[in-house]
Every structure is written in structure tokens, then in C-alpha cells.
1. Test of understanding: among 213, 154, which residue is assigned by TED's automatic domain parsing to the domain that holds residue 48, within 16 Å of ligand 2 (Cβ to nearest atom) and within 19 Å of residue 67 (Cα to Cα)?
2. Cβ contacts < 7 Å: first residue in the same structural domain as residue 51 (by TED's automatic domain parsing), restricted to the range 114-136; second residue at pLDDT below 85 and in a helix (DSSP H, G or I), any location; separation 6+ or different chain. Result?
3. Evaluate the range 196-206: report whether one residue or more is within 23 Å of residue 106 (Cα to Cα), assigned to a loop (DSSP other than H, G, I, E, B), touching a helix residue (DSSP H, G or I) at 6+ places or on another chain (Cβ under 7 Å) and at pLDDT 95 or above.
4. Take the conditions touching a residue at least 60 places away in the same chain (Cβ under 8 Å) and on the phi < 0 side of the Ramachandran plot and apply them to residue 86. Does it pass?
5. For the range 111-134, which positions are surrounded by 17 or more Cβ atoms within 10 Å (Cβ to Cβ) and on the phi > 0 side of the Ramachandran plot?
6. If we scan the range 66-74, do we find a residue that is over 24 Å from residue 229 (Cβ atoms) and within 12 Å of ligand 1 (Cβ to nearest atom)?
7. Of all residues in the range 54-70, which are surrounded by 14 or more Cβ atoms within 10 Å (Cβ to Cβ) and either under 17 Å from residue 181 (Cα atoms) or within 16 Å of ligand 2 (Cβ to nearest atom) (or both)?
8. How many residues does the range 21-65 contain that are more than 16 Å from ligand 1 (Cβ to nearest atom), outside any loop (DSSP other than H, G, I, E, B) and at pLDDT 80 or above?
Ligand SMILES: O=c1[nH]c(=O)c2ncn([C@@H]3O[C@H](COP(=O)(O)OP(=O)(O)OP(=O)(O)O)[C@@H](O)[C@H]3O)c2[nH]1
Ligand SMILES: [Mg+2]
């Protein structure tokens, strides 16, 4: 009885004594890691590959000069499957095609009432239109949806891509605002009275699925030292 009641007291004091040491060690390791960033040597800058001019515009606005990248407009195949797998496969194809490091993304609009469908293929919107997207939810009370963006970075052909996911919650509404980018007019993010299409671009770029995924891409570039060097040591 006595030993049982004493045991927790002992544990608590042990933790109390150890915690400051753990915290200090943790901080020290973090600082040390920041100082010795792993170098990733590439033969040419990472290329963001897409066939979608609007995506390209947003990626350029969001990233600015924060990471070194070039861009290339190439139509990538419309693949089927889970968003992360589609995005990775696009990266593998693009890396092979340009024989270098690539960044690609796959975006989808997912309805909760439909357990994540329609997901998205660009043909879907072309066939259904904004009204059709609303009609898909006519039988359901739940109009909630989320916009999902998965970026994939492949360091070259044969390299397994790394993914970065961004998600913004919202709901599907009858179209409002300019119709120059996909489903933007029917997606109203939570906490806003405006659809993506009605928002000024810089407002959308503060909260969008794309922005959230690109924040993670940026963090990754901070973690590693990407160097472009054209010699035998490059990827
Ligand atoms: O309203 C939108 N706001 C967005 O922020 C957004 N991002 C993408 N899309 C649309 O979603 C479909 C599949 O996208 P997606 O990832 O397959 O792209 P894509 O085929 O157009 O280009 P890519 O695959 O060459 O990069 C296409 O109809 C895109 O226009 C968006 N629509
Ligand atoms: Mg596509």
C-alpha cells in the first residue's frame, strides 16, 4: 500500500527534473539540424509542370521567389485513383519526360455527402457545368465539401515522389463570381461569405487548398539545401 502510493510521487518528481533537460536537448538537436542541412544536388532547377494556366498563375503568385523553380506547360494525363497516387504518378511521368526534378500537383473537389466524389477530372466540369455540380447534391442535405491539393516532388526519373497535401473545407453553392477558373464559383470556403471566384486572388491564395499544400513544399525546401550543379554528383 505504502509503496504504491509513493511510486507516482517518485515518477512525477523524476519527470519534473528531467523535463528541462529534455527540452534543452530537444532545442539543441533542432538547432544543430538546422545548421547541417542536407544538400540535394540537382542538374537543373525543379520544374513545376502543368497544362493548366490558372494553376500556374496561382503557384507563381503564392511561391514568388521563395523557392527556386522553373515552369513548363505540358498537358499531363488525367489519371484515375486516390489523389495522392494520381499526384505521385503524374510526378513520375513528368520526371521521365523532362529528365529532371519536377513538382506537379493534382487538385480535386470532394463532396462529403458523396464520400469524397466526384474527386475530379477536368472533363467532369466540362460535361456537367456548375449547375450540374449543384444538382449532384440535390438529393442530400449535406452540401459540405473540401478542396484538396496534392503536390508531388520527384527529384528525377526513378525517384519516389514526396507528397504535400493541402485541404480547405467549405460548401457547394449555386455559382457566383467570374467563371474563369474551374469550380471556383461553386465553392464557398468555411468562414467566408464569398466563393473562391468572388474573392480577390490574394484572398483566395491566403486560405486555399493550393496555398496550404505549398506552405508544406516551402518548409521542405527550407529543410534541405537544394543546389543546382551540373557535374557527376548531381541527381
Ligand atoms: O475552381 C478551381 N479552383 C482550383 O483551385 C482548381 N485547381 C484545379 N482545378 C480544376 O480541377 C480539374 C482537375 O484538376 P487537375 O489537377 O487534373 O488539373 P489539370 O488537368 O487542369 O492540370 P494538370 O494536371 O496538367 O496540372 C481541372 O478542371 C482544373 O481546372 C481547379 N478549379
Ligand atoms: Mg489533370
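1. When all the criteria are applied, what remains is 213.
2. 118/124
3. The answer is yes; a qualifying residue exists.
4. Yes.
5. 119, 120
6. yes
7. 55, 56, 58, 59, 61, 62
8. Qualifying residue count for the region: 4.
The values are calculated or read from the model by the stated rules, or taken from the named source; none is laboratory data. Bear in mind the structure is a predicted one, so any value in this text is a computation, not a measurement. Cβ: placed from backbone, ideal geometry, glycine included. Neighbour counts: every protein chain shown.
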